[in-house]
Amino acid sequence: MKTLAVGELLRFGWESFKKRPWFFIGIVLLIVVISGIMEGFTPDPVQTFSDFVLAAIALVVGILLEMGLVAFALKAHADVEKVELRDLWHPQHLWQYAVVKILTGIIVVIGLVLLIVPGIIAALSLIFATYLVIDKNLGPIEAMKESVRMTKGHRWQLFLLALSLIGINILGALALMVGLLVTIPVSLLAVAHAYRKLSAAA
């Protein structure tokens, strides 16, 4: 029996979004504003020591935003009515998260360089490594191993989910970018639901 069904995952994301649409839209706008500010302060190219410091700060802020979104999505999945703005602040395990991002990025790039397909398989296998750092407090290697174990036998469904999310976000972007205010939170909630289902099954 299939553990994952793309339609059910997307429905969960949509139904959760509908319970607090303006709250989720506000969260997306906040992330966009913060990201825009940091991009504006990030020097390009990096030429001086002060440029390097600014670039490093922007990188850390970017990672913190990612961590916050993962923690926020997991909290929203648990109880959409109780998730709050402060749940975006989740700086714990910053270095473990950063190491996981670096290692998974290297592995995926190597796979893509080899024959593309290995890179896609690697990306799907390691998709929940960062979630495991946030949710289970696992170290980088443990999180990557557990993500591979969790996703085994479900990568085709995860691939279809990824294609579906890419599709709805493209549609969101085509809708004068306003649609992204809906499709981004729906996507986050759908992925969090997939993680919870596989975590429970594992």
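Could you go through region 69-76 and let me know if any residue there is surrounded by fewer than 16 Cβ atoms within 10 Å (Cβ to Cβ) and small (Gly, Ala, Ser).
There is no residue in region 69-76 that is surrounded by fewer than 16 Cβ atoms within 10 Å (Cβ to Cβ) and small (Gly, Ala, Ser).
Applying the selection to region 85-107, what residues are part of a helix (DSSP H, G or I) and either farther than 25 Å from Pro185 by Cβ or among the aromatic types (Phe, Trp, Tyr) (or both)?
Matches in region 85-107: Trp95, Gln96, Tyr97, Val99, Ile102, Leu103, Ile106, Ile107.
Which pairs do you get when a residue that is open to solvent by less than 50 Å² (accessible area, probe 1.4 Å), found in region 4-20, comes within reach of a residue that is part of a loop (DSSP other than H, G, I, E, B), reach meaning Cβ atoms under 6 angstrom, with the pair 6+ apart or on two chains?
Sorted first by the residue in region 4-20, then by its partner, the pairs are Leu4/His154; Ser16/Val80.
Just need a number here: residues in region 171-201 that are open to solvent by 60 Å² or more (accessible area, probe 1.4 Å), over 17 Å from the mean Cα position of the chain (by Cα) and on the phi < 0 side of the Ramachandran plot.
Residues meeting the conditions: 5.
Going through region 1-57 one residue at a time, which ones are among the acidic types (Asp, Glu) and over 25 Å from Lys197 (Cα atoms)?
If the condition is that a residue be among the acidic types (Asp, Glu) and over 25 Å from Lys197 (Cα atoms), then Glu39, Asp44, Asp51 are the ones that fit.
Taking the residues in region 81-119 that are surrounded by 14 or more Cβ atoms within 10 Å (Cβ to Cβ) and small (Gly, Ala, Ser) as candidates, determine which candidate is nearest to Ile31 (Cα to Cα).
Ala98
Enumerate the pairs (first residue in region 76-90 and on the phi < 0 side of the Ramachandran plot; second residue anywhere and part of a loop (DSSP other than H, G, I, E, B) and of a type in the set (D, E, K, R)) with beta-carbon separation below 9 Å, excluding pairs fewer than 6 apart on the same chain, so at least 6 apart or on different chains.
Going by the 9 Å Cβ cut-off, the qualifying pairs are Ala76/Arg20; Ala76/Lys82; Val80/Arg20; Glu81/Arg20; Val83/Arg20.
The values are calculated or read from the model by the stated rules, or taken from the named source; none is laboratory data. Everything numeric here is computed off the predicted structure, so don't read it as measured data. We place every Cβ from the backbone using ideal geometry, glycine too, and count neighbours over all the protein chains shown. Just the protein is used for accessible areas: all its heavy atoms, side chains included, with ligands, DNA and RNA removed. Shrake-Rupley method; radii C 1.70, N 1.55, O 1.52, S 1.80 Å.
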